[in-house]
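Scroll down for the structure; my scribbles are underneath it.
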Amino acid sequence: MRTAPVLRGGLPLRLGWLVAGLFLFSCGILCFLESRLGLPPWDVLHQGIAKRTPLSFGVANEIVGVIVLALVWSLGARIGVGTVANAVLIGLFVIVLQRLHAVQQLSHEPVGIRALVLLAGLVLFGIGSAFYIGAGLGAGPRDSLMLVGAKRTGVRLGLVRGTIELAVLVAGFALGGRVGVGTVVFALLIGPAVEASFWLLARTSLVP
């Protein structure tokens, strides 16, 4: 696929899809964090920047997000309520869910269980991305980079996403960010996971 499917329905329904998608996306982030098998590539980059500059990890995250947002806006990406919701709700969902005892216990499970948690995170990333982007209300900076890249190059979404993640991983590693097996798994499989979720969603009755 070279474009994301757009869900049917009016604004209230699409806002519901947006929030649901961001919630699932947040669950995917928590799966990676609690698996303790490696951070996603963008966080490796933020970590590397924090090591090489006076910036903290959080500040590096925000600055990179702003830079990417400015880049995709200049390339014609749509900036909407979904973009703002991406910035606000994901962090909020992660904070709330991370306090749950069941979530905290995941990091203490045997490595085999944590590997399954990591794979579940990939699935949640894909499904969450499909719903929140499919709401058609604007994507976050990094997802917008994938969408704009696919639109401008004519290359499949999965390949564009994978290329971006690998490039970010190399940059983060070069700056001193820590890379784990989960990092490599994410970089290689997030593109196919997102594209497969788009493909499946496009074949449901939720899409006109």
What whole number of Å gives the distance from the Cα centroid of the stretch 188-204 to the Cα centroid of the stretch 99-121? 24
Residue-wise, which Karplus ³J(HN,Hα) couplings in Hz belong to the stretch 99-105, taking 6.51 cos²θ - 1.76 cosθ + 1.60, θ = phi - 60°, and x for glycine or proline? 7, 6, 4, 4, 6, 4, 6
Provide the three semi-axes, in whole Å and in decreasing order, of the ellipsoid equivalent to the chain as defined by the square roots of 5 times the Cα gyration tensor eigenvalues. 25, 21, 17
When the chain is treated as a GNM, springs tying every alpha-carbon pair under 10 Å, which of Ile127, Ile113, Ile79 comes out with the largest mean-square fluctuation? Ile113
Only four residue types carry charge here, +1 at the Cβ of Lys and Arg and -1 at the Cβ of Asp and Glu. Report the dipole size of the chain about the Cα centre in Debye, rounded to the nearest 20. 360
First select every other residue whose beta carbon is under 12 angstrom from the beta carbon of Val160; then total the charges, Lys and Arg +1, Asp and Glu -1. +3
Take every Cα pair under 8 Å in the stretch 86-196 that's 6+ residues apart, average their separations, divide by the length, and report that relative contact order as a whole percent. 31
In the Gaussian network model of the chain, springs joining C-alpha atoms below 10 Å, which of Arg36, Arg52, Arg142 carries the largest mean-square fluctuation? Arg52
Relative contact order (percent, whole number), the stretch 11-201, Cα cutoff 8 Å, 6+ residue spacing: 42
Note to self: Kirkwood Rh of the stretch 130-208, Cα pairs, one decimal, Å, is 13.6
Could you check which residue among Ser56, Ser26, Ser129 shows the biggest mean-square fluctuation in a GNM of the chain with a 10 Å Cα cutoff? Ser56
At 7 Å along Cα-to-Cβ for each site, give me the label-to-label distance between Val184 and Arg203 in nm. 3.1
Quick check for you: which residues of the stretch 110-151 have the amide N under 13 Å from the point 7 Å beyond the Cα of Leu11 toward its beta carbon? 137
Theoretical FRET efficiency, 1/(1+(r/R0)^6), r = Cβ-Cβ of Thr153 and Ile67, R0 25 Å, to 0.05: 0.75
Sites Val88 and Arg2 - FRET efficiency at Förster radius 30 Å, r taken between beta-carbons, to 0.05: 0.55
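Where a number appears in this text, it was derived from the coordinates with a stated rule and is not lab data. Values in this document were obtained by computation on a predicted structure and should not be read as measured data. Please note: Cβ atoms are built from the backbone with ideal geometry, for glycine as well, and neighbour counts cover all protein chains shown.
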